[in-house]
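I have placed the structure first, in the form of structure tokens, so that the comments after it can refer back to it.
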Amino acid sequence: SQWYAHDEIEDTGEVGTTFKLNTQTADLRANTSLSGIEGTLGASAFFRQYEPAGEEALTPPANSSSGGIFLYQELPIPGLGHEEDEHAPLFQIGVRYDRYQIALADETAEVGELYFDAISGSAGVNIPLGHDASAGVSVARAFRAPTVEELFSDGFHHATGAYERGNSALQEETNLGVEAIFRVQRESIQTQASVYHNRISDYITPVLRGTQLVEDEEDGEMIEVPLVEYAQDQATLTGVEGEIEALIGSRFVLGAMGDLVRGELSGGAPIPFMPAARIGGSVRFEQGAVSIGTELRHSFAQDEVAENEFAADSYNLLDANASYSLTLGGRQHSITLRADNLLDTEYREATSRIKEFAPNPGRNISLVYRVHF
């Protein structure tokens, strides 16, 4: 369970808006084994109570809940690959049923309760390539129900600097995707690469529709702000990503990563707020309890943007960290000093809803102490 609340205080000292959010989750799983078929049978539940109140509340109070049951099984495929059971190719299959409900606490609302039901499933094959490598391919169908904000927002959102308008007629998203993946897990090298393609029906996306007049809190005058409305369309996502880490000598680990994704709506228009392509490299020194590392990432320019959307330029980010681990009282402790955006680069993330008028954070230094239970 999680309980959260905060008040937004005006210059006069009065509480302008209050937000309360409580969530509870529950999971139940049981392992199954029958005639060489291994798997899991389970159920899950999620409950959310959201209660905004005040002049900056974007949505009416609402309670959300979801419940699901699922079955996942792995079946060795005899006669293929290695004959040993632990290296036999696996056929993996899963199926899940979910029901999602949103109930508005505002009795005057035109829409009182909404229900979304869906069946999801996946099937795939994992083929070992020797003792330390494997390749796999899978096909999956998934769904996502719209959120309270996407359905019922109607007001100026100070966090995004835009007037947001929801759409109570939104349907659940359904995705049909295929993915191929290759892995190597050795003591001296670890790598993973994948390629995927998804076709999403009723994809929910924020769309910039021009401007909306709102009242300025300071002087009471009317000002123009971006107008964002939630809409649905057919969408496709195609991407590739990979990462590799190699042990050099006995103490240094070199790494590299990269990812690229392209998304289009029907008619070829770009999906709003898509991430830019990235590449990066890292080096880490490890000796006993001490670890010192640095990472450099390059993000390419993202100019394939939706109508009225701000394009993002390319940038480089340098991060560094140092950590020390120790055992105290039978528990593992760690102390980490991190420096994010070490060079204090001014940059704008392509996925940011506020990139047009607010860059991402500058240099940030943090000291973190963790106890692992």
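Taking the range 358-373, which residues are surrounded by 10 or more Cβ atoms within 10 Å (Cβ to Cβ) and of a type outside the set (K, R)?
A358, P359, N360, P361, G362, N364, I365, S366, V368, V371
Going through the range 119-163 one residue at a time, which ones are in contact (Cβ under 8 Å) with a residue 60 or more places away in the chain, of a type in the set (A, V, I, L, M) and farther than 19 Å from S65 by Cα?
Listed by number, the residues that qualify are A159, A162.
Give me a count of the residues in the range 340-373 that are of a type in the set (F, W, Y) and under 18 Å from A312 (Cβ atoms).
Looking only at that region, the number is 2.
Go through the residues of the range 63-75 one by one and say whether even a single one is of a type in the set (D, E, K, R) and under 23 Å from S122 (Cβ atoms).
Yes; the residues of the range 63-75 include at least one that is of a type in the set (D, E, K, R) and under 23 Å from S122 (Cβ atoms).
List pairs: first in the range 18-41 and without any contact (Cβ under 8 Å) to a residue 24 or more places away in the chain, second open to solvent by less than 80 Å² (accessible area, probe 1.4 Å), Cβ under 6 Å, 6+ apart or cross-chain?
Close Cβ pairs (under 6 Å, with a partner that is open to solvent by less than 80 Å² (accessible area, probe 1.4 Å)) amount to A26/A45; D27/S44; L28/G42; L28/A43; R29/T40; R29/G42; N31/T40.
Output the number of the condition that L34 fails; it satisfies all remaining conditions of (1) surrounded by fewer than 16 Cβ atoms within 10 Å (Cβ to Cβ); (2) farther than 25 Å from I119 by Cβ.
(2)
Identify all residues within the range 284-299 that are more than 15 Å from T345 (Cβ to Cβ) and either touching a strand residue (DSSP E or B) at 6+ places or on another chain (Cβ under 8 Å) or aromatic (F, W, Y) (or both); write none if there are none.
R284, F285, E286, A289, V290, S291, I292, G293
Within the range 208-238, work out how many residues are closer than 18 Å to M274 by Cβ and modelled with pLDDT of 90 or more.
10
Counting just the residues of the range 177-194 that are out of contact with any Ser or Thr (no Cβ under 6 Å at 6 or more places or on another chain) and under 12 Å from S138 (Cβ atoms), which one comes out most open to solvent (accessible area, probe 1.4 Å)?
The residue in question is V178.
I'm trying to understand the selection: among the residues of the range 232-250, which are within 23 Å of the chain's Cα centre (by Cα) and either polar (S, T, N, Q) or farther than 12 Å from S201 by Cα (or both)?
Q232, Q234, T236, T238, G239, V240, E241, G242, E243, I244
Can we say D202 is open to solvent by less than 50 Å² (accessible area, probe 1.4 Å), charged (D, E, K, R) and closer than 25 Å to S153 by Cβ?
no
Taking the stated definitions as given, is G16 modelled with pLDDT of 95 or more and part of a strand (DSSP E or B)?
no
Restricting attention to the range 176-193, does a residue exist that is closer than 28 Å to M222 by Cβ and touching a residue at least 40 places away in the same chain (Cβ under 8 Å)?
no
Residues of the range 325-353 being open to solvent by less than 50 Å² (accessible area, probe 1.4 Å), among the aliphatic types (A, V, I, L, M) and in a loop (DSSP other than H, G, I, E, B), which ones?
Across the range 325-353, the qualifying residue is only A350.
Please go through (1) closer than 26 Å to E243 by Cβ; (2) of a type in the set (D, E, K, R); (3) in contact with a Ser or Thr (Cβ under 8 Å, 6 or more places away or on another chain) for R353 and return the number of the only condition it doesn't satisfy.
All conditions are met except number (1).
Enumerate the pairs (first residue in the range 211-227 and touching a residue at least 60 places away in the same chain (Cβ under 8 Å); second residue anywhere and open to solvent by 100 Å² or more (accessible area, probe 1.4 Å) and in a strand (DSSP E or B)) with beta-carbon separation below 7 Å, excluding pairs fewer than 6 apart on the same chain, so at least 6 apart or on different chains.
Close Cβ pairs (under 7 Å, with a partner that is open to solvent by 100 Å² or more (accessible area, probe 1.4 Å) and in a strand (DSSP E or B)) amount to L227/R209.
Quick one: which residue in G267, G288 is out of contact with any Leu (no Cβ under 7 Å at 6 or more places or on another chain), without any contact (Cβ under 8 Å) to a residue 12 or more places away in the chain, closer than 30 Å to I204 by Cβ and of a type in the set (G, A, S)?
Within the list G267, G288, the selection yields G267.
The values are calculated or read from the model by the stated rules, or taken from the named source; none is laboratory data. On a predicted model such as this, the values are computed, not experimentally measured, just so you know. Note: ideal-geometry Cβ built from the backbone for every residue, glycine included; neighbour counts use all protein chains shown. To get the accessible areas, we keep the full protein, side chains included, count just its heavy atoms, and leave off ligands, DNA and RNA. Shrake-Rupley method; radii C 1.70, N 1.55, O 1.52, S 1.80 Å.
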